[in-house]
Amino acid sequence: MSADLASRSRLSPERQSELYTVVIDLIREVGYESLTLDAVAARGRTSKATLYRQWQGKPGLVVAALQNFRPKKAPPAPTGTLDGDLDQFARHANGWDKRDAAITYGLMHAAATDREFGDTVRTLLIEPAIVGLSAIFERAVERGEIADQPAVFRQLAISLVSHHLFGGLLAGPLALPTSTREHINLVIKPALTYLPSTAHQPAH
């Protein structure tokens, strides 16, 4: 394909955003399993070939739509302490609304039953979240707050991601803010090895 043709075939960010909205609306209406590229193409006034060219199929398109679903926010800046970073995570994680949760539960079921979609979700959504959360602990190591335990950090990051995804279902959406903070204070922090040079402040 020539550079000129490739440039003409590339969708603008605005056009991509329109198609992401179509995808999210269709997921709410019919779920992931019943979503088809034909339906997206028809409602989005585009061609199925364009969708394949841009996203290589339904899993890639849906994950891209999920990544762009929520309003863009600058990543929270490190606070300078482990307690501050974890508190900041709790505030950010509790910003979900019921529509987010309903879509998430349905998509997690789809990821468990559709191997291609599951692999795409893990690669593009879940693994980056785990890496990002592990960085909270790695920064605390650099500051001398906790001992370096990479394997523990990864498991704790997985625990935080799991609670973020399913805490509202287990605790109830109204209880989620309190549940997240309890999870951090009663599970995450006690699993860490704090260094004597930094006395850990008890949870409020």
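The values are calculated or read from the model by the stated rules, or taken from the named source; none is laboratory data. Model, not experiment: these values are computed from the prediction. Ideal geometry is used to build each Cβ from the backbone, glycine not excepted, and the neighbour counts take in all protein chains shown.
Taking the criterion of being among the small types (G, A, S), more than 18 Å from G168 (Cβ to Cβ) and surrounded by fewer than 17 Cβ atoms within 10 Å (Cβ to Cβ), the residues of the range 119-140 that qualify are G132, A135. Of the candidates L174, L170, the single residue that is modelled with pLDDT under 85 and touching a Ser or Thr at 6+ places or on another chain (Cβ under 8 Å) is L170. Give the range 15-55 a look and list any residue that's surrounded by fewer than 16 Cβ atoms within 10 Å (Cβ to Cβ) and assigned to a loop (DSSP other than H, G, I, E, B), or say none. Result: T36, R45, S47. Entry remark, the range 133-148: residues being free of Cβ contacts under 8 Å to residues at least 60 places away in the same chain and in contact with a helix residue (DSSP H, G or I) (Cβ under 8 Å, 6 or more places away or on another chain) number 8 in total.
Checking every residue in the range 34-53 against the condition of being under 20 Å from I126 (Cβ atoms), outside the structural domain of T104 (by TED's automatic domain parsing), modelled with pLDDT of 90 or more and among the acidic types (D, E) gives zero matches. Checked against (1) modelled with pLDDT of 90 or more; (2) among the acidic types (D, E); (3) surrounded by fewer than 16 Cβ atoms within 10 Å (Cβ to Cβ), D100 passes all but condition (1).
Of the residues making up the range 186-196, at least one is more than 28 Å from L26 (Cβ to Cβ), in a loop (DSSP other than H, G, I, E, B), modelled with pLDDT of 90 or more and polar (S, T, N, Q).
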